[in-house]
Amino acid sequence: MSDTPAPAAVTMDAIVALAKRRGFIFQSSEIYGGFNGFFDYGPLGAELKKNIRDCWWDDMVRRRDDVVGLESSIIMHPKVWEASGHVAGFTDPLVDCKVSKQRYRADQLFFAAVIVDGKTAGYVSALESEKTAAELQAAAELFKRKKALQGTLSPVVAKDMTEAQPDEIALIPSPATGEPGSLTPPRSFNMMFQTNVGAMTDASSVAYLRPETAQGMFVDFKNVVDTGRVKLPFGIAQIGKSFRNEITPRNFIFRSREFEQMEMEYFIHEDADWAKCHEEWITWCENWLKSIGLPASHLSRYTHPKEKLAFYSRGTVDIMFSYPFGVQELWGIAARGNYDLTQHANASGKPQEIFDEATKKKFVPHVIEPAVGVDRILLAVLCAGYAEEEVKDEKGAVEKRTVLRFSPRIAPVKVAILPLLKNKPELVAIAQKLHAKLRRKYAVFYDEAGAIGRRYRRQDEIGTPWCVTIDFDTIEKPGETFTLRERDTMSQRRITEAELFALLEEHVY
Ligand code: ATP
């Protein structure tokens with residue numbers, strides 16, 4: 001992927017259509033009408049996702065001396081979630097529309113007073129999007145026209161429903177019906193999925209699907225310290241599914257109800273320079289995103305304002321990505337003090353301390369937490385890599401090509417092996433031999449059907465960085481070379497088998 005921004009024309013419709021057409025992502029339970037907030041990854045999506053996970057695990061765990069891995073259970077003792085604060089506080093503010101039965105996240109439902117000549121004449125509402133302010137302004141102008149109000153309309157000031165005064169709520173129109181009077185005041189909605197463990201379905205058997213993987217690292221902290229020969233500073237990393245009953249799942253896989261997280265808890269000394277460590281991890285995360293092909297131009301930082309942080313938090317910075325639907329959180333890096341370990345020590349009665357050889361004192365380590373969603377990364381690489389281009393075919397005619405410029409590190413298929421003609425046994429034999437050799441180490445694809453130009457296009461569309469064609473020069477000229485065709489430049493050159501392996505070795509790591 002180059003460092004230039006993806007063309008502005010990339011739309012979510014195009015991404016969703018390609019994802020379905022080429023088998024990256026399907027709606028869950030599609031034959032039953034789909035299930036909102038749940039998705040399936042098809043053959044290419046599963047490969048892409050696995051490559052993202054593997055790159056992260058290799059770079060975060062295997063190639064570092066100070067981070068170890070963990071795989072904790074999805075359903076944990078319910079007391080974990082009481083101690084962590086999730087039972088009481090993992091909530092989103094929810095607003096119901098009593099007429100349409102629609103539910104909205106209060107902080108995603110915006111409204112504005114329609115003020116004409118300084119007097120409030122009514123209210124308009126709109127759902128959060130990059131166009132919210134413009135939509136509210138247009139709605140206010142329409143409101144004024146419909147009611148034939150004379151006078152000057154003030155520019156609208158957008159607020160979300162958490163800011164609505166009690167007397168305003170009844171006057172704000174529901175986005176579903178366009179009429180006021182049906183919206184409820186915001187109330188807290190806990191996003192954890194509940195289940196029951198064992199044969200009894202009563203309060204005593206209630207358990208939760210984890211809403212984050214992080215608590216596994218805190219609860220197993222002592223187990224890792226006592227068995228893993230780790231020394232501060234060190235991290236525990238985990239990749240796994242998390243579940244949140246999101247009120248409004250949306251933007252394709254960006255906000256779903258079942259998703260996958262890659263989280264790492266980096267434990268540091270209580271006296272360590274946490275701000276420096278925080279900054280180092282933010283930079284590490286940015287560099288890692290670039291290493292899997294996300295362009296720097298699409299990445300930015302958002303520092304959470306101090307007054308909005310939880311009381312225990314020292315600082316949170318989100319790495320943001322420019323999706324087609326706006327700039328949104330991709331990766332959160334939080335400095336969480338020693339809150340989580342202290343909570344679990346208090347709730348379990350088991351100290352979560354480390355002995356400091358220098359001071360001969362015990363203390364509870366502090367933590368820096370980089371937490372990212374695999375699905376959000378996958379959507380980012382799809383959006384940044386997608387392009388529609390006009391190119392010339394072999395005969396010079398202009399045609400359209402759709403291309404996914406995946407980094408070779410994460411591309412679902414690394415190389416396509418293409419015998420020029422399927423009815424020439426000499427070509428097919430060499431192609432099959434090469435295919436068998438390559439597939440022991442890399443994801444490769446063998447394709448002998450159709451014109452070579454069409455086969456190249458098919459690979460462009462699924463993001464395969466290289467195609468190798470076994471042609472007449474391969475058998476007629478000395479040195480057994482193949483045609484290597486590069487996806488991004490569409491340039492072609494001759495390459496030997498040894499050079500091909502060296503190329504893959506360099507770029508696929
Ligand atoms: P948001 O504000 O977008 O809901 P969050 O701040 O609650 O996210 P965290 O609890 O910090 O998110 O979770 C860490 C990461 O997990 C996020 O940065 C994101 O990449 C991913 N994530 C969180 N919720 C979802 C979801 N519903 N669907 C997909 N990925 C998610």
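No lab work stands behind these numbers, since they all come straight from the coordinates. Computed from a prediction, not measured in an experiment: that's the story for all the values here. As a convention, Cβ positions derive from the backbone with ideal geometry for all residues, glycine included, and neighbour counts pool all protein chains shown.
Computed over all pairs of different Cα atoms, the Kirkwood value for the hydrodynamic radius of the chain is 26.3 Å.
Given R0 = 25 Å, the distance between the Cβ atoms of Asn346 and Thr195 translates into a calculated FRET efficiency of 0.45. Against the main long axis of the alpha-carbon atoms of the chain, helix 452-462 sits at an angle near 20°. Using a basic spin-label model with each label point 7 Å from the Cα along Cα→Cβ, how many nm lie between Thr283 and Ala436? It works out to 5.0 nm between the two label points. In a reduced charge model with +1 at each Lys and Arg Cβ and -1 at each Asp and Glu Cβ, the stretch 388-469 shows a dipole moment near 480 debye about its Cα centre.
Straightening the chain between Lys231 and Ser204 buys 5.8 nm, computed as 0.36 nm per residue apart minus the Cα-Cα spacing. Subtracting the Cα-Cα distance of Glu480 and Arg62 from 0.36 nm times their residue separation leaves 146.7 nm of extension gain. Applied to the stretch 57-67, the Karplus parametrisation 6.51 cos²θ - 1.76 cosθ + 1.60 on θ = phi - 60° returns per-residue 3J(HN,Hα) values of 5, 4, 6, 7, 10, 5, 9, 10, 8, 10, 10 Hz, with x for Gly and Pro. Calculate how steeply helix 374-385 sits against the longest principal axis of the alpha-carbon atoms of the chain, using the helix alpha-carbon long axis, and give the answer as 0 to 90 degrees to the nearest 10. Here the helix axis deviates by roughly 60 degrees.
Taking 7 Å steps out from each Cα toward its Cβ at Arg145 and Val391 produces label points 4.6 nm apart. Taking the fewest neighbouring Cβ atoms within 10 Å as the starting point, the ordered list for Ser73, Ser242, Ser297 is Ser73, Ser297, Ser242. Say R0 is 45 Å: what FRET efficiency, to the nearest 0.05, do Lys20 and Ser313 get from their beta-carbon distance? The pair Lys20/Ser313 has a calculated efficiency of 0.70. Working from Cα pairs under 8 Å separated by at least six residues, relative contact order for the stretch 91-189 is 37 percent. The dipole here belongs to the chain: it is taken about the Cα centre, uses +1 on the Cβ of Lys and Arg and -1 on the Cβ of Asp and Glu, and is about 880 debye. From least to most packed, judged by other beta carbons within 10 angstrom and beginning with the fewest, Val367, Val224, Val206, Val403 follow the order Val206, Val224, Val403, Val367. Considering only Ala170, Leu209, Ala436, the residue lying farthest towards the positive end of the dipole of the chain is Ala436, judged by Cα position with unit charges set on Cβ. Listed by chain and number, the lysines whose C-alpha is less than 24 Å from the C-alpha of Lys424, apart from same-chain residues fewer than 8 away, are Lys395, Lys433, Lys437, Lys477. Remark: spin-label model distance Glu506-Asp220 equals 3.9 nm, labels positioned 7 Å along the Cα→Cβ axis.
Mind scanning Lys308/Lys362; Lys306/Lys350; Lys50/Lys392; Lys20/Lys414 and naming the pairs with a C-alpha gap bigger than 29 Å?
Lys308/Lys362; Lys306/Lys350; Lys50/Lys392
With a Förster radius of 51 Å applied to the beta-carbon distance between Glu461 and Lys101, the computed FRET efficiency rounds to 0.80.
Could you give the Stokes-Einstein D for the stretch 396-507 in µm² per second, using the C-alpha Kirkwood radius, 10 °C, 1.306 mPa s?
112
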